[in-house]
Amino acid sequence: MKIYWSPSVQGFFDSRVNSTIPKDAVEISPSHRNELIEGCKRNQVIVCRANGFPILADAPHATPAEATITERQWRDAQLSETDPLVARHRDELENAQDTTLSAEQFTALQQYRRNLRNWPSSAQFPAVAQRPVLSLAGDVVVKKPRARTRAKS
């Protein structure tokens, strides 16, 4: 078995699987391929030396515009993920049921959601280290409804 890296294709080729190998491909060891794959999982990128041999490098930092887009997407996802908690709490109150969240937990959740909404206009935006943090006492889990089974007659 031989493993190759092609700079033009930016991909790996295995002689056992690929019948056509690009002309610019360079042979690498299976362990080096594994190191490159693991590096990519850690947000590194594969770059090539002048001879085409692949090595790992740190990924370039995001531009301010890219960071803003990424952090807004993260913020929007956090709001979406907490929507079911708010809806469940309100439903439980409307139905005069015991609530899954305590009053303190619900207040903390609502403060977190306010902080998420206000974050893009803060001076710390879009610094990842300055993301709003949810701090709830106790475990809070969004439960999916169980399927109902029919009683046997």
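The values are calculated or read from the model by the stated rules, or taken from the named source; none is laboratory data. Everything numeric here is computed off the predicted structure, so don't read it as measured data. Every residue, glycine as well, gets a Cβ built from its backbone with ideal geometry; the counts of neighbours run over all protein chains shown.
I'm trying to understand the selection: among the residues of the range 37-75, which are under 26 Å from TRP5 (Cβ atoms) and touching a Pro at 6+ places or on another chain (Cβ under 6 Å)?
ILE46, CYS48, GLY52, listed by residue number.
Starting from the range 29-53, keep only residues that are in contact (Cβ under 8 Å) with a residue 12 or more places away in the chain and assigned by TED's automatic domain parsing to the domain that holds SER8, then list their pairs with residues that are in a helix (DSSP H, G or I) and of a type outside the set (Val, Ile, Thr) whose Cβ atoms are within a distance under 6 Å, requiring at least 6 positions of separation or different chains.
ILE46/LEU36
Kindly indicate the residue of the range 35-70 that is of a type outside the set (A, V, I, L, M, F, W, C), surrounded by 14 or more Cβ atoms within 10 Å (Cβ to Cβ) and in a strand (DSSP E or B) and also modelled with the lowest pLDDT among those meeting that condition.
Taking the candidates together, the pick is GLN44.
What pairs come out if I take residues in the range 5-24 that are free of Cβ contacts under 8 Å to residues at least 12 places away in the same chain and part of a strand (DSSP E or B) and pair them with residues that are surrounded by 15 or more Cβ atoms within 10 Å (Cβ to Cβ) and hydrophobic (A, V, I, L, M, F, W, C) whose C-beta lies under 9 Å away, six or more apart or interchain?
GLY11/TRP5
Those residues that are modelled with pLDDT of 90 or more and either surrounded by 13 or more Cβ atoms within 10 Å (Cβ to Cβ) or closer than 12 Å to MET1 by Cβ (or both), I need them from the range 15-28; list them, please.
ILE21, PRO22, ASP24, ALA25, VAL26, GLU27, ILE28
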